[in-house]
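Written out below as C-alpha cells is the structure these notes cover.
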Amino acid sequence: DAGVTQSPTHLIKTRGQQVTLRCSPISGHKSVSWYQQVLGQGPQFIFQYYEKEERGRGNFPDRFSARQFPNYSSELNVNALLLGDSALYLCASSYDVSNSPLHFGNGTRLTVT
Amino acid sequence: GQQVMQIPQYQHVQEGEDFTTYCNSSTTLSNIQWYKQRPGGHPVFLIQLVKSGEVKKQKRLTFQFGEAKKNSSLHITATQTTDVGTYFCAPTGTASKLTFGTGTRLQVTL
C-alpha cells in the first residue's frame, strides 16, 4: 500500500503570493493533519480534519486554511505568504482521531523569497 | 496545549555507547507517543505509552512512562549509526492533536 503522498515536494514562492499544498492519506485513513516544521524545531500543529470536518486548529493566523475532500485527501492553503512561512509542511494521516499513531508524508519544502 | 521539554537538545556518542533522552511535562499527560526523524526525512512513529509506569521495549530501544505520567524517557542500548536522527516525544491532546517536544538530536560516530 502507498504511504502518505504530498505534492509538490518543493516550492518557491514570493512574498504576498498564495500557495496550495496537497496530501493523499493512506488508504483507509479518515483523518488528515497538517504540521509546519521550521528547521531545527519540532513539527507544529496547524490543522486536523476528520470526515471532512475540522477537528482542531493550531495557533496559526487566518492566512492558513485547509479542507478535506470526500476521498479524504486534503489541501492546505496559505495566503499572503511571509518570509517566516518558509518551512517543511508535513501532512499526516491516521485511521481516526482517538490518539491513533500519525503516518507522515515526506513533506513539501516551501521557500518564500 | 501541553508543553514538553526534552533534554538533552543534542547528544553525540560513539557507536556502542548508550543514549537516553528525557521528556518532561509540568502537567499530567494522558498518553505520549515517540517519533524518530532521520536527517532530511519525516517523523516516523515508534511507540505509544498509555499507562502509568509503563515500560515497553523494541529491540535496543526502551521506552518508559513515569509513575506520575509527567515524564517519559527513551533509552537506546549500544547505539548504531542507524540510530542517527532526532527523537521527539509527543503528548496526545484531544483528537490526536500532537504537540511535539523540542526533540533530541542524536549523532553517532564510529
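Only the coordinates and a few stated rules stand behind these numbers; no lab work does. This one's a predicted model, so the numbers in the text were calculated from it and none came from an experiment. Cβ sites come from the backbone with ideal geometry, for glycine too, and all protein chains shown count toward neighbours.
Shown in residue order for region A:69-79 are the 3J(HN,Hα) couplings computed by the Karplus curve 6.51 cos²θ - 1.76 cosθ + 1.60 at θ = phi - 60°: 9, x, 8, 6, 5, 9, 10, 10, 10, 10, 9 Hz (x for Gly and Pro).
Remark: relative contact order (chain A) = 37 percent; criterion is Cα-Cα distance under 8 angstrom and separation of 6 or more residues. Expressed in units of 2.2 N^0.38 Å, where N is the residue count, the Cα radius of gyration of the protein assembly as shown is 1.02. Residue by residue, region A:18-32 carries 3J(HN,Hα) couplings of 10, 9, 10, 10, 10, 8, 10, x, 5, 4, x, 7, 10, 10, 10 Hz when phi is fed to the Karplus relation 6.51 cos²θ - 1.76 cosθ + 1.60 (θ = phi - 60°); x denotes Gly or Pro. The HN-Hα couplings worked out from phi for region B:45-59 by the Karplus form 6.51 cos²θ - 1.76 cosθ + 1.60 (θ = phi - 60°) are 5, 9, 6, 10, 10, 10, 8, 4, x, 5, 10, 10, 10, 10, 6 Hz, whole numbers, x standing for Gly and Pro.
Measuring against 18 Å, Cα to Cα, the residue pairs A:13/A:52; A:30/B:69; A:52/B:36; A:30/B:36; A:52/B:97; A:30/B:97 contain A:13/A:52; A:30/B:69; A:52/B:36; A:30/B:36 as the ones spanning a longer distance.
Residues whose amide H lies under 5 Å from that of residue B:31, counting only those 5 or more places away or on a different chain, are B:92; hydrogens are built 1.01 Å from N in the peptide plane. Sorting the segments B:40-47, B:100-107 by their residues' average number of neighbouring beta-carbon atoms within 10 angstrom, most packed first, yields B:100-107, B:40-47. Going by amide H atoms built from the backbone, whose H comes under 5 Å of the H on residue A:13, apart from near neighbours? When sequence neighbours closer than 5 places are left aside, the close amide H contacts are A:111, A:112, A:113. Amide H to amide H distances under 5 Å link residue B:107 with B:11, B:12, B:13, where only residues 5 or more positions off or on other chains count and H is placed in the peptide plane. When you restrict to C-alpha pairs under 8 Å that are six or more residues apart and normalise by the size of chain B, the relative contact order lands at 38 percent.
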